[in-house]
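Asker: Once you've had a glance at the structure underneath, I'll fire off some questions.
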Amino acid sequence: MSETNGFEPKIVAYVCNWCTYLGADLAGTSRLEYPSNVRIIRLPCTGRIDANLVVKAFEIGADAVLVSGCHPGDCHYNAGNYHARRRWILFRELMETIGFDMRRLHFSWISAAEGKKFQQVITEITEKTIALGPYNPYGAEPRVEPLSPMPQAAAGACDPAAELELRTAAKRVLESGQANVVIGYGARGPVFITRPDDVDRLVWNANCHQNLATYLKRKEIRALGKAAIVMKGCDERALIILERESQIARPDLHVIGMACNGMGQPKCAACDTRETRFADEKISSAQPPADMPDRYVAVDQILAMEPADRMAFFTAEFDRCLKCYACRQVCPMCYCERCIADKNRPQAIDTSPHRQGNFAWHIARAMHLAGRCVGCDECTRACPAGIDLRLLNLTLARTAEQQFAYRAGMDPALDPLIGTFSLQDKEEFIR
């Protein structure tokens, strides 16, 4: 069939060891013929098929990718395919937003007894890929499609009374021994106050937009002892995620909650958490704006483009990446001792700042933050190349909200999005 145009597609299939691989073996022992274009890579479980593997397949020249495993309820490890299904729901939305050709990404449940189905699936994918032709997602001509400017919230006016109350509270917790260090905002950025006499260095104004939760993971800060931290309502969501992931012990942390009327950042216009909900003490009060725009309007602008235009847009964005990892360093959710981007045995992500490696890094970063990103947008603010990284985070946040009714850090009683599953998770994209 491929002789019609001389094109022999390369198809990579990541399959479960216990079902799909045995289904492929059954197809062979049953003498069922199917195209030889597929390269099968066997893994212990679909739960172990990381999104990086799919990206790597396209990176090295695959024209299509198949992910396949046990039917729901038949997993050798009980629930690996359920966990995989939830991740693939998120991953597909991310890939579609970036502009990958979703006709080349396939998912299927194939049991050990379904040799015939394996034959049919491989044949159909091969025929479809031949019709589509060769695929090089990284060959797009970089093109900037200007997005409509995000609504900007006015920066809240400086409140001298709130600033004075903050300094008083900080001095009290230091003198009483409730905390050994106060993490707050200074005139030129974050400050770490260890002496009561230095609390006058604390400020509260429109420049206090950093998410200070990121410092709680630093060894240097932990070495200072029990901490008190100044928190806005939006940033408090990060504390909830960090506590659920056992990165902080909330009883050992004193939270001074500051009400916020907006810091003039893009995220502030659609912010609906302007007061802390679980702080140990609260200062001042605030109200969400009466006319609040949709927080996902930027994603809608991207999806309004054609897939090729979306790929050209993100190609232009990612081509500017220097691989400085400022986005990783400033993120409160990035706390791994050794990041996957730094590992070289095996090397999942090329460390060089070239197009394929940049795509792999930003897709991996976004997927690692799925269900965890609290929308502080510090990654975008810190990026020296001006890459609009929030677009990837917003895509996954909207998918989590629409598909699973989940918003990161809003409810401390909710189980994490990744690491859990529901039998009702949608799977219309899986054949």
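Asker: Using alpha-carbon positions, what is the distance between the centroids of segment 233-250 and segment 251-297, in Å?
Answerer: 15 Å
Asker: Kindly give the semi-axes, whole Å and largest first, of the ellipsoid equivalent to the chain, taking each as the square root of 5 times a Cα gyration tensor eigenvalue.
Answerer: Details: eigenvalues 427, 105, 67 Å².
Equivalent-ellipsoid dimensions as semi-axes: 46, 23, 18 Å.
Asker: Something else: Taking loop as defined by DSSP and a crowding limit of 16 other beta carbons within 10 Å, which chymotrypsin sites (Phe, Trp or Tyr not before Pro) in segment 1-59 fit?
Answerer: 7
Asker: Quick check for me: using +1 on Lys/Arg Cβ and -1 on Asp/Glu Cβ, what's the dipole size of the chain about its Cα centre, in debye to the nearest 20? Each step should come with its number before you reach the end.
Answerer: Details: 52 positive and 52 negative charges, 204 e Å.
Value, rounded to 20: 980 debye.
Asker: When Lys and Arg each count +1 and Asp and Glu each count -1, what net charge do the other residues less than 15 Å away from residue 424, Cβ to Cβ, add up to? Kindly include the intermediate steps, with their values, before the conclusion.
Answerer: Numbers: positive: 85, 86, 426; negative: 415, 425, 427, 428.
Net charge around residue 424: -1.
Asker: Go through 10/323; 217/343; 232/323 and tell me which ones have a Cα-Cα distance over 26 Å in this structure. Kindly include the intermediate steps, with their values, before the conclusion.
Answerer: Numbers: 10/323 30 Å; 217/343 21 Å; 232/323 30 Å.
Pairs exceeding 26 Å: 10/323; 232/323.
Asker: Quick one: angle between helix 80-98 and the longest Cα principal axis of the chain, in degrees between 0 and 90, rounded to 10, please.
Answerer: Helix 80-98 sits roughly 80 degrees off the main axis of the chain.
Asker: Please give me, ordered by residue number, the trypsin sites (Lys or Arg not before Pro) of segment 310-363 that lie in loop per DSSP and have at most 16 other Cβ atoms within 10 Å. List each step's numbers first, then the result.
Answerer: On the way: sites: 310, 320, 323, 328, 338, 343, 355; in loops: 320, 323, 338, 343.
Sparse-neighbourhood loop trypsin sites (Lys or Arg not before Pro): 320, 323, 338, 343.
Asker: Can you classify segment 160-283 as rounded, prolate or oblate using the Cα gyration tensor, where a ≥ b ≥ c are the square roots of its eigenvalues, rounded means a/c under 1.5, and otherwise it's prolate if a/b beats b/c and oblate if not?
Answerer: Details: a/c = 1.61, a/b = 1.13, b/c = 1.43.
In terms of gyration-tensor shape, oblate.
Asker: When you have a sec, figure out the Kirkwood radius of segment 305-404 from all distinct Cα pair distances and drop it here in Å to one decimal?
Answerer: On the way: mean 1/r = 0.0708 Å⁻¹.
For segment 305-404, the Kirkwood estimate is 14.1 Å.
Asker: If exposed GluC sites (Glu not before Pro) are those in a DSSP loop with at most 12 other Cβ within 10 Å, what is the longest stretch of the chain that has none? Please report the intermediate quantities before stating the final value.
Answerer: On the way: sites that count: 33, 337, 428.
That would be 34-336.
Asker: What does the charge count near residue 241 come to, summing +1 for each Lys or Arg and -1 for each Asp or Glu among other residues with Cβ under 15 Å from its Cβ?
Answerer: Values: positive: 217, 237, 244, 250, 277, 372, 407; negative: 235, 236, 243, 245, 378, 411, 415.
Counting the neighbours of residue 241, the net charge comes to 0.
Asker: Also: Who wins for biggest fluctuation among 184, 115, 69 in a Gaussian network model of the chain, springs between alpha carbons below 10 Å?
Answerer: Greatest mean-square fluctuation among the candidates belongs to 115.
Asker: Can I ask one more? Give the residue list of chymotrypsin sites (Phe, Trp or Tyr not before Pro) in segment 175-241 that are DSSP loop and have at most 13 other beta-carbon atoms within 10 angstrom. Let's see the in-between values first.
Answerer: Working: sites: 185, 192, 204, 215; in loops: 204.
Loop-located and lightly packed - none at all.
Asker: Given the -39500 (n - 2.57) contribution per DSSP H run of 4+ residues, what per-residue ellipticity at 222 nm results for the chain, rounded to the nearest 500 deg cm²/dmol? Walk me through the intermediate numbers first.
Answerer: On the way: 13 runs with 147 residues, N = 431.
Result for the chain: -10500 deg cm²/dmol, rounded to the nearest 500.
Asker: Taking Cα atoms, how many degrees apart are the long axis of helix 20-29 and the longest axis of the chain, rounded to 10 and kept between 0 and 90?
Answerer: Helix 20-29 sits at roughly 10 degrees to that axis.
Asker: How much net charge surrounds residue 110 when only other residues with a Cβ under 11 Å from its Cβ are counted (Lys, Arg +1; Asp, Glu -1)? Walk me through the numbers on the way to the answer.
Answerer: Values: positive: 116, 117, 431; negative: 74, 114.
Neighbourhood net charge equals +1.
Rule-based calculations on the coordinates, nothing more; no lab input. The model shown is predicted, which means the values in this text are computed figures rather than measured ones. Note: ideal-geometry Cβ built from the backbone for every residue, glycine included; neighbour counts use all protein chains shown.
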